[in-house]
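One structure is given below, encoded as structure tokens.
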Amino acid sequence: MEQNQLTQEKTSAALAALQLVKDGMVLGLGSGSTVKIFMKLLAEKVKREGLKVYIVSSSYDTSILAATLGLIEVSLNSFTPDLSIDGADTVFPDKSLIKGGGGCLLREKLVNYHAREYVIIVDHTKLRAKLDGPLTVPIEVHPMSYSQVVKALRETFNAESSLRVFSEKKLGPAITDNGGFLLDATLNWSGDMRILEEKLKSLPGVLETGVFAIKKPSKIFVGQGESYTVIE
């Protein structure tokens with residue numbers, strides 16, 4: 001699929017979610033390319049309609065863009081988001097998700113799970129027809145114990161895990177906004193994704209997992225060309 005078509009689908013999904021934004025809202029914002037499109041549309045809406053909107057960011061990347069766009073950021077410690085908007089790497093039919101391709105999974109989960117509700121915006125390529133075959137799950141781990149987590153993943157799930165590294169301009173492992181390391185674990189799972197989330201999180205040294213299933217989004221807006229569909 002051409003990049004222009006994917007961008008159009010991301011924009012269609014973002015415009016659909018933008019309709020949920022009301023004056024006075026505290027909005028949680030995820031990270032990634034589709035969220036960036038949403039943020040630019042949000043900034044235009046805020047300026048055009050004179051809205052008072054406050055955002056809770058899930059990453060330094062999102063915070064930097066918010067400041068550039070003139071969006072007002074507040075702390076999750078002080079405000080509960082009325083609504084959070086985020087993207088996803090994989091969406092399953094039961095609305096469970098895999099996230100963390102950008103390495104922001106821990107803060108994204110904090111913002112989304114503490115929000116009163118959250119919605120997901122994606123292009124159609126992120127949909128997976130059924131839960132079968134291997135899954136690659138990003139996992140944030142404490143640097144002190146990453147090799148022990150790799151061992152535990154192999155013993156518990158027969159998973160093959162790789163330590164994510166920076167691709168350019170910096171040697172060594174990719175470091176999250178929280179100072180953690182990132183593992184990408186490939187494993188076979190065909191059961192309840194909530195159980196997988198709990199089992200992964202229970203491993204000592206795991207700070208957070210890219211499985212989002214215990215609290216699922218209220219809606220998923222899926223870009224389809226210049227239009228969109230809604231999964232509820």
Query raised in the report: Helix-derived [θ] at 222 nm for the chain: sum -39500 (n - 2.57) over DSSP H runs of at least 4, divide by residue count, nearest 500?
Result: -10000 deg cm²/dmol
Query raised in the report: Using a basic spin-label model with each label point 7 Å from the Cα along Cα→Cβ, how many nm lie between Ser162 and Asn4?
Result: 3.3 nm
Report task. Could you name the lysines whose alpha carbon sits less than 28 Å from that of Lys170, not counting residues in the same chain fewer than 8 places away? Result -> Lys36, Lys99, Lys109, Lys151
Requested in this report: On a C-alpha basis, how far is the centre of region 79-121 from the centre of region 193-213 in Å? Whole number, if you could?
Outcome: 15 Å
**Report entry** 0 to 90° range, to nearest 10: angle between helix 33-49 axis and the chain longest Cα axis
**Finding:** 20 degrees
Report task. Assuming R0 = 30 Å, can you tell me the calculated FRET efficiency for the pair Gln148 and Arg128, based on Cβ-Cβ distance, to the nearest 0.05? Result -> 0.50
Report summary line: Each label sits 7 Å from Cα toward the beta-carbon; between Asp94 and Ser218 the label points are separated, in nm, by 2.3 nm
Report task. Only Cα pairs under 8 Å and at least 6 apart count here; give the relative contact order of the chain as a rounded whole percent. Result -> 24 percent
**Report entry** Theoretical gain in end-to-end length, Leu51 to Ser202 [0.36 nm per residue, Cα-Cα removed]
**Finding:** 50.2 nm
Query - Förster radius 35 Å - calculated FRET efficiency between Tyr113 and Leu171 (Cβ-Cβ, nearest 0.05) - result: 0.55
Report task. Distance from a point 7 Å along Cα→Cβ of Ile64 to each backbone N in region 73-94: keep the residues under 18 Å and list them by number. Result -> 73
Report summary line: Going from the fewest other Cβ atoms within 10 Å to the most, one would list Thr11, Thr125, Thr62 as Thr125, Thr11, Thr62
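All of the numbers you see were taken from the coordinates with simple rules; none came from a lab. A quick note: this is a predicted structure, and the numbers were derived from the prediction, not measured. All Cβ positions, glycine included, derive from the backbone under ideal geometry; neighbour counts span all protein chains shown.
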